[in-house]
Amino acid sequence: MTRYILHRLIASIPVIFLVTLIAFSIMQLVPGDPAAVIAGANATQEEVELVRQQLGLNEPFLVRLMQWYGSLLQGDLGQSILLQRSVTSAIIERIPVTLSLTAYAMVLTVTFGVAAGVVAAVYRGSWVDQACMASALLGVSLPNFWLALILIFAFAVGLGWFPTGGYVPFSEDPAGWLKALTLPAFTLGFLQMGLLARITRSSMLEVLNQDYVRTARAKGLPSWQIINRHALRNVVVPVVTVIGIITSHMVSGSVVIETVFSLPGIGRLVIQGILRRDYPVIQGGLLVTAVAFVLINLIVDVLYSRLDPRIRLAARA
């Protein structure tokens, strides 16, 4: 297993390298000059050029690329142009917010998505099945930013149950933390709930039609025992696949949600960097996102090998 994990980590290095190269290259093509933003609207061309020299923006592309890679090898993501602090410290400061949002959304997604899929499969063709699948279709169809505005209007402005935005650290006020993240987490997870429910239902129906399930029914086993001991155990592998994909989508989708709900996470930091042409922040944010994608895929692969003996044997070969 250790050999398999090392092999996966080594195979991920070219992916991360390619992502960093693309991110750095795209930033050079984006219109706008951060030196002009820092110098101010009334700055002269000489003042702008002086700022460019101080920031090293007048260096050739390859020189700046090699300097950035050299900094990355030392664990340094560079200095933010406008924040006047290291990008690494700015990202570390915001990681708890993004992780809290993603984890909360995943709990809601897995809980309601799997439950809806299982119930829909067990009561196939009934009004329960139709209601679950209609809700899943609604979740897949709604844009998350539109759903976020509707939830804010209904539950924050109208009923006053939740705040309209902002973040409260868990260490300061657990109840405030929960209230601040409930609407953003539900918004982020609602689309993924629909996707997970549909996949779970499809996989569950396929398992329930297998011979060993019919044999268990013929033996007179209760329905709940058949579902828990036989059906769900064989549905886990495809569901884990979807959960891995969902987690990756949540990492990228948190950019919009953090912006709408004014959450001080990595996604909002990247958006602010884009608006201000803060290249180091954008590049650092993209790099952290790429590493998160790689780690999520690695975790899913390891779970495969634990859940399915056939994959475990292939990993050892």
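What to note about this one:
- Put simply, of THR98, THR88 the only residue that is farther than 20 Å from LEU195 by Cα, within 24 Å of the chain's Cα centre (by Cα), of a type outside the set (A, V, I, L, M) and modelled with pLDDT of 85 or more is THR98.
- Some residue of region 176-187 being surrounded by fewer than 23 Cβ atoms within 10 Å (Cβ to Cβ), more than 20 Å from the chain's Cα centre (by Cα) and part of a helix (DSSP H, G or I): yes
- Cβ-Cβ contacts under 8 Å between residues 6 or more apart (or on different chains), taken from a first residue in region 272-293 that is on the phi > 0 side of the Ramachandran plot to a second residue that is of a type outside the set (Phe, Trp, Tyr), are listed as ARG277/VAL30; ARG277/GLY32; ARG277/ASP33; ARG277/PRO34; ARG277/VAL37; ARG277/ILE81.
- Residues of region 88-136 that are over 24 Å from THR241 (Cβ atoms), touching a residue at least 24 places away in the same chain (Cβ under 8 Å) and among the hydrophobic types (A, V, I, L, M, F, W, C): ALA90, ILE91, ILE95, VAL97.
- Taking region 203-317 as the region of interest, the helices (runs of 4 or more DSSP H) fully inside it that hold 1 or more residues being at pLDDT 75 or above, buried (at least 19 other Cβ atoms within 10 Å of the Cβ) and assigned by TED's automatic domain parsing to the domain that holds LEU151 are 232-260, 266-275, 279-307.
Yes/no matrix, rows are residues, columns are (1) part of a helix (DSSP H, G or I); (2) in the same structural domain as ALA175 (by TED's automatic domain parsing); (3) surrounded by 18 or more Cβ atoms within 10 Å (Cβ to Cβ); (4) under 18 Å from the mean Cα position of the chain (by Cα):
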| residue | (1), (2), (3), (4) |
| --- | --- |
| GLU59 | no, no, no, no |
| GLN67 | yes, no, no, no |
| LEU83 | no, no, no, no |
| MET106 | yes, yes, yes, yes |
| THR111 | yes, yes, no, yes |
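- Subset of region 6-26 (residues that are exposed (fewer than 12 other Cβ atoms within 10 Å of the Cβ) and closer than 13 Å to GLN283 by Cα): LEU18, SER25
- Any hit, region 91-114, residues being of a type outside the set (Asp, Glu), out of contact with any Lys or Arg (no Cβ under 6 Å at 6 or more places or on another chain) and farther than 26 Å from VAL168 by Cβ: yes
The values are calculated or read from the model by the stated rules, or taken from the named source; none is laboratory data. What you are looking at is a predicted structure, and each value in this text was computed from that prediction instead of being measured. All Cβ positions, even for glycine, are placed from backbone atoms using ideal geometry, and neighbour counts span all protein chains on display.
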